[in-house]
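Below: one structure, written as structure tokens.
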Amino acid sequence: GENVEQHPSTLSVQEGDSAVIKCTYSDSASNYFPWYKQELGKRPQLIIDIRSNVGEKKDQRIAVTLNKTAKHFSLHITETQPEDSAVYFCAASKFGFGNEKLTFGTGTRLTIIP
Amino acid sequence: GAVVSQHPSWVICKSGTSVKIECRSLDFQATTMFWYRQFPKQSLMLMATSNEGSKATYEQGVEKDKFLINHASLTLSTLTVTSAHPEDSSFYICSARDRRGADLAEAFFGQGTRLTVV
């Protein structure tokens with residue numbers, strides 16, 4: 001089955017600087033890669049996603065890049081703010097193949113230092 | 001986006017008793033729902049895929065007789081933790097996809113249920 005690895009496990013960034021979180025996946029058939037933000041005790045919230053037919057996607061301060069050949073994708077947050085502090089999870093899925101479960105990475109605890 | 005509601009938000013039960021958790025899609029029909037378990041400071045681990053009108057598909061290592069899943073309607077899936085023990089204490093979260101939406105791939109999560117077995 002799919003295996004998703006995520007690094008780093010913790011990340012502290014000065015407010016206003018950029019944060020980068022990286023994930024690798026094992027199944028070359030995976031075609032959908034969402035990123036979730038989870039605050040303590042809350043549900044995961046989708047912040048951005050990318051499909052395998054796209055190399056990069058951006059939404060204001062958040063961007064995701066995908067390298068299908070290397071099987072890795074990254075989350076980039078620019079101009080970080082204190083409210084960006086949370087745990088971030090990447091995930092991978094083979095959407096449209098009848099088995100659409102998400103396999104999650106191990107998570108990154110991002111702390112924005114004011 | 002679509003709304004998935006989970007109930008209860010938290011529950012405390014005695015060891016040996018059973019607990020039922022409900023997951024509802026409020027404004028859409030979900031033929032498939034997913035149940036995850038999340039231990040403190042860990043990732044979400046898929047337990048099973050709940051299929052409306054048929055048996056659930058369990059992930060390797062998850063005991064189907066201990067974690068009973070019923071998906072009797074297109075808007076409701078239930079997870080029953082039978083004979084709960086302290087090691088079953090965890091955060092249980094369900095998710096579903098709204099296939100009517102513009103982005104069919106997006107999964108929506110319930111608010112989660114924190115189960116504490118004493």
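Just so it is clear, none of the values below were taken in a lab; they were calculated from the coordinates. Predicted model only: the values in this text are computed from it and were never measured. Because the Cβ atoms are built from the backbone with ideal geometry, glycine has one as well, and the counts that use them run over all protein chains shown.
Which listed residue (A:Ala86, A:Val20, A:Val64) has the Cα farthest towards the positive end of the charge dipole for chain A, taking +1 on Lys and Arg C-beta and -1 on Asp and Glu C-beta about the Cα centre?
A:Val64
Which log10 I(q)/I(0) values, to two decimals, does the protein assembly as shown give at q = 0.14, 0.16, 0.17 Å⁻¹ under the Debye formula with one point per Cα?
-0.90, -1.14, -1.26
Within a 10 angstrom radius of each residue's Cβ in B:45-54, how many Cβ atoms of other chains show up on average? Whole number is fine.
Mean inter-chain Cβ contacts per residue within 10 Å come to 1.
For A:42-48, what's the mean count of beta carbons from other chains sitting within 10 Å of each residue's beta carbon?
5
Using alpha-carbon positions, what is the distance between the centroids of segment A:32-90 and segment B:24-57, in Å?
22 Å
For segment B:46-88, compute Rh as the Kirkwood radius over C-alpha pairs and then the Stokes-Einstein diffusion coefficient at 10 °C and 1.306 mPa s; write the answer in µm²/s, rounded to an integer.
Estimated diffusion coefficient is 146 µm²/s.
Within chain B, what is the longest stretch that has no trypsin sites (Lys or Arg not before Pro) placed in a DSSP loop and near at most 15 other beta-carbon atoms within 10 Å?
Result for the longest clean stretch: B:67-98.
So how far apart, in nm, are the two label points at B:Ala72 and B:Leu26 if each is 7 Å from Cα heading toward Cβ?
Here the modelled spin labels are 2.3 nm apart.
What's the exposure ranking of B:Ser90, A:Ser74, B:Ser9, going from fewest to most Cβ atoms within 10 Å?
B:Ser9, A:Ser74, B:Ser90
Shape call for segment A:30-114 from the C-alpha gyration tensor, a ≥ b ≥ c root eigenvalues: rounded (a/c under 1.5), prolate (a/b greater than b/c) or oblate?
oblate
Most exposed first by the Cβ proxy, i.e. fewest other Cβ within 10 Å, how do A:Asp17, A:Asp27 rank?
A:Asp17, A:Asp27
Please check which bits of segment B:15-45 a label hung off B:Thr80 would reach, taking the label as a point 7 Å along Cα-to-C-beta and the cut-off as backbone N under 13 Å.
So the set is B:17-22.
What is the set of long-range amide H partners of A:Glu15 at a cut-off below 5 Å, with H atoms built 1.01 Å from backbone N?
A:Ile113
Once you wrap a convex hull around the alpha carbon atoms of segment B:1-86, what is its projected area averaged over all directions, in nm²?
6.1 nm²
For a quick check: sort B:Val11, A:Val54, B:Val118 by the number of other beta carbons within 10 angstrom, fewest at the front.
Placing the least packed residue first, the sequence is B:Val118, A:Val54, B:Val11.
Based on the Cβ-Cβ distance from A:Ser26 to B:Ile12, what FRET efficiency comes out when R0 is 30 Å, to the nearest 0.05?
0.20
Give me the lysines in straight-line cross-link reach of A:Lys71: C-alpha distance below 25 Å, same-chain residues under 8 apart excluded.
In chain and number order, the partners are A:Lys22, A:Lys37, A:Lys57, A:Lys58, A:Lys94, A:Lys101.
Give me the count of lysine pairs in chain B whose alpha carbons sit under 21 angstrom apart, restricted to pairs 8 or more positions apart or on different chains.
Taking chain B as the scope, the lysine pair count is 7.
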